[in-house]
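Heads up: the structure comes next, in structure tokens.
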Amino acid sequence: MTPQALNFRYWFTTVHIHKGHIHKGKRGIHMAVRKRVGAVMALVTAICTFATAPAHADPVAMAPQTYTKVTRDGWTLVIRIDHETINSVPNLAEASNSREAFVTFDATAVATGGSAPITDSLFIAGYQLGCQTDVSSGLQIGGTGGLAGSVGYSGGPSVGGSGGLAGFVQTILQPGVITDLPLANMALSDGGKAMLDVDNLHIKADACGGDVTIRSYVYLRISTASAHTEFAIYGDPMKI
């Protein structure tokens, strides 16, 4: 008889003497063992099911945002964010320090009423991204749009070449700041209007040890011969 069998038999006899009923004790022990094994198997099954089931959140509809400003030389400027949704998804590579989301929104800018012609304008839509880490180490934008150089301006983010972008936006996070991720930009038309539509664009943030919080923004700048105006609005923040 093996040592394991001896140990089990000793435990079996001890319990059955403690109970004082030989036949009922054995039956009770068999039932208890079966119940315990069944409970353990059920627990293991539940744990395995929980571990392998992906966590998919439903897309979240964000509140629309509108801001109206009248410039000192008489232009009425309106910027809006509409139909915004954020769909936070599990990281495709199952990396614990990466976050992913798919974002959709419409951004609109309208300029009316001024007499002095607008000599320069820029309308930008994108997201700000924050973590308990620095986001300044780099931004990569890929997909079908690509980048054609960059345009810098005072008080705002760097912007890729004109026109819409498609594909993904990725940033590598390091300790402590908030960064701007511009997704699309254009100038106002001759009629004083600009519309930027972002549909199901992939945002990916790497190397963040905690939650990543994002919020949408749109920014408008215009210049005339006598005035320069720039302002922005922001969506509600959301963790991804």
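The values are calculated or read from the model by the stated rules, or taken from the named source; none is laboratory data. Being a predicted model, the structure only gives us computed values, none of them experimental. Virtual Cβ from ideal backbone geometry, glycine too; neighbours counted across all protein chains shown.
Of the strands (runs of 3 or more DSSP E) entirely within segment 183-237, those holding at least 1 residues that are of a type in the set (S, T, Y) occupy 213-223, 228-234.
For (1) modelled with pLDDT under 80; (2) surrounded by 14 or more Cβ atoms within 10 Å (Cβ to Cβ); (3) outside any loop (DSSP other than H, G, I, E, B), each residue gets a yes or a no:
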{"residue": "N97", "(1), (2), (3)": "yes, yes, no"}
{"residue": "A101", "(1), (2), (3)": "no, yes, yes"}
{"residue": "A107", "(1), (2), (3)": "no, yes, yes"}
{"residue": "V110", "(1), (2), (3)": "no, yes, yes"}
{"residue": "F123", "(1), (2), (3)": "no, yes, yes"}
{"residue": "G145", "(1), (2), (3)": "yes, yes, no"}
{"residue": "G155", "(1), (2), (3)": "yes, no, no"}
{"residue": "A166", "(1), (2), (3)": "yes, yes, no"}
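Taking residues in segment 117-137 that are more than 20 Å from R215 (Cα to Cα) and acidic (D, E), and partners anywhere that are surrounded by fewer than 24 Cβ atoms within 10 Å (Cβ to Cβ) and at pLDDT 90 or above, the pairs with Cβ atoms closer than 6 Å and at least 6 places apart or on different chains are D120/S223.
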